[in-house]
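Rule-based calculations on the coordinates, nothing more; no lab input. Note that the structure is predicted; figures quoted are calculated from it, not measured. Positions of Cβ are generated from backbone atoms using ideal geometry, with glycine treated the same way; all protein chains shown enter the neighbour counts.
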Amino acid sequence: MTLHDSPKHNHKHCVNTALAMAQQLCLERGVQLTPIRYQVLELIWASHKAVKAYELLEQVKPLQMAAKPPTIYRALEFLSEQGLIHRVESLNAFIGCRCSNAPHEQLLLICKNCQEVEERTAPKVMQALSEEFNDAGFIVHSKAIEIHGLCSQCAVQL
């Protein structure tokens with residue numbers, strides 16, 4: 001059983017909240033959440049698994065026959081710039097951001113079994129890292145940590 005399937009997780013509410021927040025943030029920022037951008041965001045939020053660009057293209061094509069890779073990449077770039085999604089570098093894929101209303105650093109927990117990705121803010125971890133960087137005199141431009149392992153649901157099944 002994955003987080004998505006868990007009786008504690010109302011995924012429909014999760015998706016609706018994320019999409020409503022995206023619409024509100026774009027309105028406040030004066031940027032357009034075009035139909036294709038909205039559709040890509042909705043497809044990313046369809047599960048908590050990271051989605052690759054070409055998987056998104058295959059899902060969009062039946063609805064938008066003219067969609068090509070640049071269409072998807074432009075939508076992903078916009079959604080990323082607006083903080084509505086995150087790129088999971090190690091998977092070359094994307095997930096929806098559950099904290100898009102505020103700037104934050106990323107700690108992504110990636111389950112090797114069910115493939116779901118959980119975003120955590122982990123302020124204590126990020127603070128400890130910041131102190132290490134300061135001690136080293138290292139200037140950080142961005143901070144994202146990806147940890148691969150087993151989620152709590154998959155770990156219980158061992």
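As a test, work out the antiparallel percent of DSSP beta bridges whose residues both lie in segment 43-146, rounded to the nearest 5.
Antiparallel bridges: around 75 percent, rounded to the nearest 5.
Annotated for the chain: lysine pairs at least 8 residues apart or interchain, Cα distance under 23 Å, count 14.
Once each part is reduced to its C-alpha centroid, what is the distance from segment 114-134 to segment 138-156 in angstrom? Using only Cα atoms, the two centres lie 7 Å from each other. With helices as the sole contributors, the chain gives -13500 deg cm²/dmol at 222 nm; each DSSP H run of n ≥ 4 counts as -39500 (n - 2.57), and the sum is divided by every residue.
Rg/Rh for segment 1-145 (Cα atoms only, Rh after Kirkwood) is 0.99. Placing a label point 7 Å from the Cα of Asp135 along the Cα-to-Cβ direction, no residue of segment 86-110 has its backbone N under 11 Å from that point.
Note on Lys52/Gln127: beta-carbon distance plugged into 1/(1 + (r/R0)^6) with R0 of 41 Å gives a FRET efficiency of 0.80.
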